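What follows draws every value from the coordinates through simple rules; no lab data is involved. Small disclaimer: the values here were computed from a predicted structure and weren't measured. Here the Cβ positions follow ideal geometry from the backbone for every residue, glycine too, while neighbour counts run over all protein chains shown.
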Amino acid sequence: MVLTDKNILTFCAASEQVPQRYLDAATELGRRLAQAGARVVNGGGAAGLMRAVTDGALSAGGYVTGVIPQFMVDNGWMHQGLSRHIITADMHERKNVMAQMSSAAVALPGGVGTLEELLEIVTWRQLGLYRHQILLLNVAGYYDHLIAMLRKAALEQFMRQSDLDSILVANTPAEVITLLAASSEVTPLPPAKVQR
């Protein structure tokens, strides 16, 4: 078990209308994380890739903590099989709790919600507020255009090359496990200096 006692945060889509290859990859990632001894942390939803990661982990005897806002619980959107659930007041608290609990973050394919979560945690990493690995699971080249955009941002000096280099890219769930096992931490950046 290479990731024993690690809490791996997964960001991903809750849509049920996505191609099956993305659901299959999410299920496989959840299963592989559990088999590697990791605990999964996610948004606690009962649909789409979020459900698939949870189901994959649980099917392999894993432990999944879902962090979900009260309004989503009220709408019946919470996965009922979670090992543990944490109910938050709102989306902002949800993201903060998930980040604080995590040992690394993995972004699977997703829509604007997933992109927002991913880019926020990348920003926190740049500011020294998040000190763990950030990975993209680039299933079928899903994130190719985002990777190109980030490379352009670094080339044009809108972000540091070192910040770009800290975002690891895996093409398969197996590669995610390999990258997570290779190094559980990345070198933290110094905190941003506040001008007063």
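Laid out as a table, the results:
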{"quantity": "Residue pairs meeting the criteria (Cβ under 9 Å; at least 6 apart or on separate chains; first farther than 16 Å from G56 by Cβ, in region 66-84; second among the charged types (D, E, K, R) and assigned to a loop (DSSP other than H, G, I, E, B))", "calculated": "P69/D90; Q70/D90; F71/D90"}
{"quantity": "So V106, is it closer than 21 Å to N171 by Cβ, in a helix (DSSP H, G or I) and of a type outside the set (S, T, Y)", "calculated": "no"}
{"quantity": "Close pairs (6 angstrom Cβ cut-off, 6 or more residues apart or separate chains): among the aliphatic types (A, V, I, L, M) in region 9-25, part of a strand (DSSP E or B) anywhere", "calculated": "L9/V41; L9/A105; A14/G45"}
{"quantity": "Any hit, region 64-84, residues being part of a helix (DSSP H, G or I) and in contact with a Gly (Cβ under 8 Å, 6 or more places away or on another chain)", "calculated": "yes"}
{"quantity": "Matching entry among E93, E28 (being under 20 Å from Y142 (Cβ atoms), surrounded by fewer than 23 Cβ atoms within 10 Å (Cβ to Cβ) and among the acidic types (D, E))", "calculated": "E28"}
{"quantity": "Qualifying residues in region 117-162 (those that are polar (S, T, N, Q) and without any contact (Cβ under 8 Å) to a residue 40 or more places away in the chain) - the one nearest to L180 (Cα to Cα)", "calculated": "N138"}
